[in-house]
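Nothing in this text is a laboratory measurement; each read-out follows from the coordinates by a stated rule. Just so it is clear, the structure is predicted and the values come from calculations on it, not from any experiment. Reconstructed Cβ throughout: ideal geometry from the backbone, glycine too, with neighbour counts over all protein chains shown.
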Amino acid sequence: MRRSFACLVFLAACDSSAPAKPTDTSGVAPSSIVTAVTVRSNGAAILVEASISGDAVKLGSGDALLAGAPDVAERPLGEYQPSKGAWAYALFLPTAEASVTLGFARAAAAARQTFALPEPFVVTAPATASRAQPLALSWNPGKNGETFTLEARGPCLGGAVTRTPDPTGTAFELQPADFQKYSGVCTVEVKLSRRRGTIGSFAGLAATSQVTLEQLRTVTIETTP
Amino acid sequence: MKRLLSFIAVCAGCTSHAPWLSLDVGTRDIAVAVEWKSDARLSATVSGPGGAITFEGGERVYLLRGAREIPLVREGDAWRADLGGEVGAFVLAIDRARDADARVSFEVPAPFTVTAPASASRHDPLTLAWDPSPTGVVAISIQGPCIAPFQRGLATDTGRYTINAGEIAQASAGACVVEVAITRTITGGSSSTNLQSFSYRASREARTTTVSLP
């Protein structure tokens, strides 16, 4: 009896230490597949990135996440491993369009939904500017419900300066007091992001899926004392 | 048995005591920290391995403003003094009987004023102005019932800052009076003194109000 019990304990310990196989979406209902998608446009191209969580962490062999634009044919997102045990999906769309169609395909069937990106914008900024004066940036306005973020980086800024201007506004000034004491020319890179997110089912996927839609622009300014 | 117990009691008393009487503490083992804020008295801690030091045998700690002494009064574990509105350079002095004296310097920022417009819409820029200074680090704080608290540290003190439209988030509809505070903080210290450590922090605040409009 003691030997049997000891054997059972040993086997139980062995089972719990065996590495788990990654779970894929084969046999998982689409409504249970939780997907997080980011669609990011720089005005000339769109990058679609996605990941899967919950009961499955990667797509099964018969499943695909799809993306397309009005002027770019739909294609499946490519799979890659950003780190061991993790899977992600990405697709590059060469389009300046401000809408994207996302879909989920299993065998011959597919469900799709079209999303409008936030309003595209063009940033006006000086090529050169003095840090002793306000540094003015301007762009065309967005809408309420969007988040607008400005991140400026450069050695004269001591890291990143992050600001959240009015999302419906059209202008922003970096102040002289935002810059550290710095002699000489300092290259400042400013990233501006107009972002909107949704949480909910799309293309038949889980109700807790998320889609983040972003217009991203970058400008570079050579600043002087 | 009684001799053994007495021996153990004496040994226990000898092994664990860290010195806190000044005559038992070397200058190299003393740590000094000084703090001053607007509308408050200066506070200094003078510590050794055994905690806050009690000065004895003619040893003492005090402040110097030029050649003039300002006494420090012991309150709990800290030493305190009312600077009476004086600003600028001060010295904290520790006179020793059996070791080297210590002298460390710190600065109290001068008073300054801040101005803001009488009112400003949260959808318009808000410009604040104050007397600049080459020393110290400036931070802005704006608080009121109809706005989310706004805090920002500045990289340099230019005596002026414009908060862009929309940066002050609305907490409730309507207008309200908001408090604007500019805080200038001077910090410092030195590892090159004959003390174990020295640090100081002195903050001066200037306040005004403005009406925040929708």
Pairs of Cα atoms farther than 27 Å apart, the protein assembly as shown, %
71 percent
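Considering Cα pairs under 8 angstrom that are at least six residues apart, work out the relative contact order of chain A and quote it in whole percent.
Result for chain A is 21 percent.
Would you tally the net charge around A:Lys191, using a Cβ to Cβ cut-off of less than 14 Å, leaving A:Lys191 out, and scoring K and R as +1, D and E as -1? Let's see the in-between values first.
Details: positive: A:Arg40, A:Arg153, A:Arg163, A:Arg194, A:Arg195, A:Arg217; negative: A:Glu151, A:Glu189, A:Glu214.
That works out to +3.
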How do A:Leu47, A:Leu137, B:Leu154 rank when sorted from fewest to most other Cβ atoms within 10 Å of their own Cβ?
A:Leu47, B:Leu154, A:Leu137
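Starting from the Kirkwood Rh over alpha-carbon pairs, what translational D in µm² s⁻¹ does the range A:78-146 have by Stokes-Einstein at 4 °C and 1.567 mPa s?
Details: Rh = 16.9 Å.
This corresponds to a translational diffusion coefficient of 77 µm²/s.
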Value at 222 nm in deg cm²/dmol, rounded to 500, when DSSP H runs of n ≥ 4 in chain B each add -39,500 (n - 2.57):
-2000 deg cm²/dmol
I'd like the orientation of helix B:2-15 relative to chain B: the angle between its Cα long axis and the longest Cα principal axis, in ° from 0 to 90, rounded to 10.
40 degrees
Cα-based Rg then Dmax for chain A, in Å, read 23.9, 86
For the protein assembly as shown, what number of Lys pairs, 8 or more residues apart or on separate chains, have alpha-carbon atoms under 25 Å from each other?
5
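About its Cα centre, how strong a charge dipole does the range A:33-137 have in debye, to the nearest 20, once Lys and Arg get +1 and Asp and Glu get -1 at the Cβ? Provide the component values of the computation, followed by the final result.
On the way: 7 positive and 8 negative charges, 50 e Å.
So the magnitude is around 240 debye.
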Considering only B:Thr185, B:Thr162, B:Thr115, give the residue with the highest GNM mean-square fluctuation for chain B, with springs between Cα atoms whenever their separation is below 10 Å.
B:Thr162
Along its principal axes, what span do the Cα atoms of the range B:116-214 show, with the longest given first and each in whole Å?
58, 23, 19
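Work out, in µm²/s and without decimals, the Stokes-Einstein translational diffusion coefficient of the range A:43-128 at 10 °C, 1.306 mPa s, Rh from Kirkwood over C-alpha pairs. Display every interim value, and only then the final one.
Details: Rh = 14.6 Å.
Rounded to a whole number, D works out at 109 µm²/s.
Counting each pair of different Cα atoms once, what's the Kirkwood radius of the range A:67-188 in Å, rounded to one decimal?
18.2 Å
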Taking only Cα atoms, what is the 0 to 90° angle, nearest 10, from helix A:2-17's long axis to the longest principal axis of chain A?
30 degrees
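Charges only on Cβ, +1 for Lys and Arg, -1 for Asp and Glu: so what's the dipole of the protein assembly as shown about the Cα centre, in debye to the nearest 20?
Numbers: 39 positive and 39 negative charges, 187 e Å.
The dipole of the protein assembly as shown has a size of about 900 debye.
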Through the Karplus equation 6.51 cos²θ - 1.76 cosθ + 1.60, θ set to phi - 60°, convert the phi angles of the range A:87-95 into ³J(HN,Hα) values in whole Hz; use x for Gly and Pro.
10, 9, 9, 8, 8, 9, 10, x, 8
Mind ranking A:95-108, A:205-218 by how tightly packed they are, going by the mean number of other C-beta atoms within 10 angstrom, highest first?
A:205-218, A:95-108
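Hey, got the dipole for chain B? About the Cα centre, +1 on K and R Cβ, -1 on D and E Cβ, debye to the nearest 20? Present the calculation step by step, with values, prior to reporting the outcome.
Numbers: 20 positive and 21 negative charges, 70 e Å.
Roughly 340 debye, rounded to the nearest 20.
Report, in deg cm²/dmol and to the nearest 500, the calculated mean residue ellipticity at 222 nm for chain A, where each DSSP H run with n ≥ 4 adds -39500 (n - 2.57) and the sum is divided by the residue count. Before the final figure, lay out each step's value.
On the way: 1 runs with 16 residues, N = 225.
Helix-only estimate at 222 nm: -2500 deg cm²/dmol.
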Pairs of alpha-carbon atoms within less than 8 angstrom and 6+ residues apart define the contacts here; what relative contact order does chain B have, in percent?
21 percent
With point charges of +1 on the Cβ of Lys and Arg and -1 on the Cβ of Asp and Glu, referenced to the Cα centre of the protein assembly as shown, which listed residue (A:Leu59, B:Val138, B:Gly159) lies farthest in the positive direction of the dipole?
A:Leu59
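Find the Rg to Rh ratio for chain B, where Rh is the Kirkwood radius over alpha-carbon pairs and Rg uses the same atoms. Don't skip to the end; give the middle numbers.
Numbers: Rg = 24.3 Å, Rh = 20.5 Å.
Reported Rg/Rh, Kirkwood definition of Rh: 1.19.
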Using amide H atoms built 1.01 Å from N in the peptide plane, name the residues 5+ places from A:Leu66, or on other chains, whose amide H lies under 5 Å from its own.
A:Leu77, A:Gly103, A:Phe104, A:Ala105
Can you work out the Karplus-derived ³J(HN,Hα) for every residue in the range A:131-147? Use 6.51 cos²θ - 1.76 cosθ + 1.60 with θ = phi - 60°, whole Hz, and x for glycine or proline.
6, 7, 10, x, 9, 8, 10, 9, 7, 7, x, x, 10, 4, x, 9, 10
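Can you give the average number of partner chain beta-carbon atoms within 10 Å of each beta-carbon in peptide B:143-155, as a whole number? Don't jump to the answer; show the numbers that get you there.
Details: counts 0, 0, 0, 0, 0, 0, 0, 0, 0, 4, 1, 6, 13.
Per-residue shielding by partner chains comes out at 2.
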